[in-house]
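Engineer: Handing you this structure, nothing more for now.
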Amino acid sequence: MPTVDKSAPISWTVGDAQITRITELEVHWPFSILLPGADEVIDNYDWLRPDFVTDDGRMRLSMHALVIESAGMRIMVDTCVGNDKSRPGAPPFEQLSTPFLADLEAAGFTPESIDVVVCTHLHVDHVGWNTRLVDGKWVPTFRNARYLFVQTEYDYWRTEPQDYGPVFEDSVQPVMDAGLADLVAPDQRINDEVWLESTPGHTPGHVSVIIESAGQTATITGDMTHHPLQFAHPDLASTADYSRDGTSTRTRLDAYPRWADGRLVIGTHFAGRTAGHIEPADKPNTWIFAP
């Protein structure tokens, strides 16, 4: 499953805060890999194209980081896949070599300028650039930052067998060893404008990120929603969800009505325009994702 051309940085203004997307790569996968049953319904929603579905009916998924500039702080949300990582269980991510750090700097963010790194969860494609390989050793990429790991999430992955490779060992443990990590609650407040919101189900300690500034609000979803089709079908659970008992679906059904208040919703894997607004659809418990 090859990588494809990635998009240029996009920024959104939320009150006095600014959020910038830095894309590592974009992949086009059959829906059946991540959202079984989606192929049967994608043609019912014109608003999915062209941003979120390719011409031949595959899902467009973006791997990107989001940098929040708020109250004098630079907060990076999720750090993508990373270079040089052994990922035999995830072939598209095996031994990547991308210009992510150069793209980050070109957008105005040096690694040294990042104050906080938030991992919505500790999956392979959300922690990779936590570290980089220097002289054969994994070292923290953002050496001046505090890395925030939700305690429940950290406790789970430190002992759980990993399907995709030594993710915890090369992308989480070196940060702990360097003394740069804080284990936090799922409602941790980062500053007066930015805090975490518990959205479990995809993983045990999964969180989304809320930005509220000068009367405006935005939400960064994390992987509680992988693809905008899930707004129309909240019951479409991801094959990557930790919980197969309905927890991830209940989380979506709880969050979407609250987030349909006019706020900007930014998807952690949404390609194309990446952000929009949730609006009620014709059927109960269904929504559309509108510009």
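Engineer: When you scan segment 239-291, how many residues do you find that are charged (D, E, K, R), touching a residue at least 12 places away in the same chain (Cβ under 8 Å) and farther than 24 Å from Pro30 by Cβ?
Structural biologist: Result for segment 239-291: 4.
Engineer: Which condition breaks for Ser243 when tested against (1) modelled with pLDDT of 95 or more; (2) small (Gly, Ala, Ser); (3) closer than 20 Å to Ser198 by Cβ?
Structural biologist: Here Ser243 meets the rest and fails (1).
Engineer: Does segment 227-280 hold any residues that are among the charged types (D, E, K, R) and in contact with a strand residue (DSSP E or B) (Cβ under 7 Å, 6 or more places away or on another chain), and which are they?
Structural biologist: Residues satisfying the conditions are Arg263, Glu279.
Engineer: Within segment 75-88, identify whether any single residue is assigned to a loop (DSSP other than H, G, I, E, B), under 29 Å from Ile288 (Cβ atoms) and basic (Lys, Arg), and answer yes or no.
Structural biologist: No, segment 75-88 has no match at all.
Engineer: Using the structure shown, decide if Val139 is surrounded by 14 or more Cβ atoms within 10 Å (Cβ to Cβ), at pLDDT 95 or above and part of a strand (DSSP E or B). Steps first, please.
Structural biologist: Working: surrounded by 14 or more Cβ atoms within 10 Å (Cβ to Cβ): yes; at pLDDT 95 or above: yes; part of a strand (DSSP E or B): yes.
For Val139, the condition - surrounded by 14 or more Cβ atoms within 10 Å (Cβ to Cβ), at pLDDT 95 or above and part of a strand (DSSP E or B) - is met.
Engineer: Which pairs have Cβ atoms under 7 Å, sit 6 or more apart or on different chains, and link a residue in segment 5-30 that is of a type in the set (Asp, Glu) and surrounded by 16 or more Cβ atoms within 10 Å (Cβ to Cβ) to one that is part of a loop (DSSP other than H, G, I, E, B) and at pLDDT 95 or above?
Structural biologist: Glu24/Cys80; Glu24/Val81; Glu24/Thr98; Glu26/Ala271
Engineer: Could you list, in sequence order, all residues of segment 213-232 that are crowded, with 21+ Cβ neighbours inside 10 Å and in a loop (DSSP other than H, G, I, E, B)?
Structural biologist: Answer for segment 213-232, where residues must be crowded, with 21+ Cβ neighbours inside 10 Å and in a loop (DSSP other than H, G, I, E, B): Thr221, Thr225, His226, His227, Pro228.
Engineer: Being farther than 24 Å from Tyr156 by Cα and either under 18 Å from the mean Cα position of the chain (by Cα) or small (Gly, Ala, Ser) (or both) is true for just one of Ala260, Ala237. Which residue is that? If you could, list the steps in order and put the result at the bottom.
Structural biologist: On the way: Ala237 fails: farther than 24 Å from Tyr156 by Cα.
Result: Ala260 is the single residue among Ala260, Ala237 that is farther than 24 Å from Tyr156 by Cα and either under 18 Å from the mean Cα position of the chain (by Cα) or small (Gly, Ala, Ser) (or both).
Engineer: Could you tell me which of the residues Gly108, Gly37 is farther than 21 Å from Asp241 by Cα and among the small types (Gly, Ala, Ser)?
Structural biologist: So the residue among Gly108, Gly37 that is farther than 21 Å from Asp241 by Cα and among the small types (Gly, Ala, Ser) is Gly108.
Engineer: Would you check which residues across segment 183-212 are touching a Leu at 6+ places or on another chain (Cβ under 9 Å) and assigned to a loop (DSSP other than H, G, I, E, B) and list them?
Structural biologist: As a first pass, look at segment 183-212 and keep what is touching a Leu at 6+ places or on another chain (Cβ under 9 Å): 183-190, 196, 203, 205, 207-211.
Ala185, Pro186, Asp187, Gln188, Ile190, Thr203, Gly205, listed by residue number.
Engineer: Kindly indicate the residue of segment 233-258 that is in a helix (DSSP H, G or I) and in contact with a helix residue (DSSP H, G or I) (Cβ under 8 Å, 6 or more places away or on another chain) and also farthest from Ile19 (Cα to Cα) among those meeting that condition.
Structural biologist: Looking only at segment 233-258, we keep the residues that are in a helix (DSSP H, G or I), and these are 247-258.
Subsequent filtering for residues that are in contact with a helix residue (DSSP H, G or I) (Cβ under 8 Å, 6 or more places away or on another chain) retains 248, 251-252, 255-256.
Details: Ser248: 26, Thr251: 24, Arg252: 23, Ala255: 21, Tyr256: 21 Å.
For segment 233-258, the residue satisfying everything is Ser248.
Engineer: Among (1) within 23 Å of Leu148 (Cα to Cα); (2) within 20 Å of the chain's Cα centre (by Cα), there is one condition Ala8 misses while meeting the rest; what is its number?
Structural biologist: (1)
Engineer: Does Asp177 count as under 27 Å from Thr110 (Cα atoms) and without any contact (Cβ under 8 Å) to a residue 40 or more places away in the chain?
Structural biologist: Yes; evaluated as a whole, the condition is true for this residue.
Engineer: Same structure again: Give the residues of segment 72-89 that are among the hydrophobic types (A, V, I, L, M, F, W, C) and over 17 Å from the mean Cα position of the chain (by Cα), sorted by residue number. Please lay out each step first, then the result.
Structural biologist: From segment 72-89, those among the hydrophobic types (A, V, I, L, M, F, W, C) are 73, 75-77, 80-81; that's our starting set.
Scanning segment 72-89 gives a single hit, Met73.
The values are calculated or read from the model by the stated rules, or taken from the named source; none is laboratory data. Fair warning: this is a prediction, and the values are worked out from it, not measured in the lab. Note: ideal-geometry Cβ built from the backbone for every residue, glycine included; neighbour counts use all protein chains shown.
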